[in-house]
Amino acid sequence: MCTGLEFLATAASTASSAAAAVGGWGTVAGAAGTLFSGISQYQARSDAAVAAGQQAGYTAATADQQADLIRRQGRREVGAARAAIAGNNTALDEFSLINTREIARAAEQDAQMTILSGGRESDSLAQQAKGYAKSAGNSLAGSLLSAGGQAYTGWKGTQQVTLPGNDAASQFYFNGTRGMGD
């Protein structure tokens with residue numbers, strides 16, 4: 001699967017080769033490892049987001065199909081009830097059809113509940129897919145920042161750093177030390 005992030009892997013590989021030639025191999029290798037880890041986490045979470053999104057669509061479609069089956073079964077039950085009433089030589093009037101209306105109402109209610117529960121599950125899976133997608137972006141951003149921090153720390157670690165207030169001029173002006181045997 002092409003994610004569009006292959007250039008980062010190539011850049012990290014090239015950077016680690018260049019750093020090995022210069023001598024900063026350990027720092028850049030660690031940064032490249034962090035970057036590769038972030039890319040793999042991104043891909044895994046992106047795949048999970050796609051799968052959850054597909055499952056959400058499947059769940060909604062399945063609920064609609066199940067509701068149609070419930071409605072068909074309800075119509076069959078109503079037809080069977082009418083046939084039984086007519087088979088007993090009973091007139092099909094308002095009083096005798098009360099039972100068939102109850103059957104149709106119960107079937108429609110079951111169909112609506114199936115659609116409702118399928119919709120809720122589908123919405124939940126869609127939210128889960130959004131969470132996976134956001135998590136994928138966050139893991140990639142975190143690994144990029146961590147890799148950059150590792151590279152910067154490795155680069156700055158080889159240089160002497162003088163903090164403000166720690167140099168001779170600051171000591172002279174701010175601490176009252178004149179350097180004359182005070």
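Among the residues of region 62-84, those identified as open to solvent by 50 Å² or more (accessible area, probe 1.4 Å) and either free of Cβ contacts under 8 Å to residues at least 24 places away in the same chain or acidic (Asp, Glu) (or both) are Asp64, Gln65, Asp68, Leu69, Arg72, Arg76, Glu77, Ala80, Arg82, Ala83, Ala84.
Is there a residue in region 105-113 that is surrounded by 13 or more Cβ atoms within 10 Å (Cβ to Cβ), at pLDDT 80 or above, out of contact with any Gly (no Cβ under 9 Å at 6 or more places or on another chain) and farther than 30 Å from Leu140 by Cα?
The answer is yes; a qualifying residue exists.
So in region 85-101, with the set limited to residues that are in a helix (DSSP H, G or I) and open to solvent by 90 Å² or more (accessible area, probe 1.4 Å), which one is farthest from Ala67 (Cα to Cα)?
Result: Asn99.
Take the residues of region 123-152 that are among the aliphatic types (A, V, I, L, M) and within 30 Å of Leu69 (Cα to Cα): which is surrounded by the fewest Cβ atoms within 10 Å (Cβ to Cβ)? Among residues in region 123-152 that are among the aliphatic types (A, V, I, L, M) and within 30 Å of Leu69 (Cα to Cα), the one surrounded by the fewest Cβ atoms within 10 Å (Cβ to Cβ) is Ala126.
Only a single criterion out of (1) in contact with a helix residue (DSSP H, G or I) (Cβ under 9 Å, 6 or more places away or on another chain); (2) more than 30 Å from Gly30 (Cβ to Cβ); (3) without any contact (Cβ under 8 Å) to a residue 24 or more places away in the chain; (4) exposed (fewer than 14 other Cβ atoms within 10 Å of the Cβ) is not satisfied by Arg120, namely (1).
The values are calculated or read from the model by the stated rules, or taken from the named source; none is laboratory data. These figures come from a predicted structure and were not determined experimentally. Virtual Cβ from ideal backbone geometry, glycine too; neighbours counted across all protein chains shown. For accessibility, only protein heavy atoms count, side chains too; no ligands or nucleic acids. Shrake-Rupley method; radii C 1.70, N 1.55, O 1.52, S 1.80 Å.
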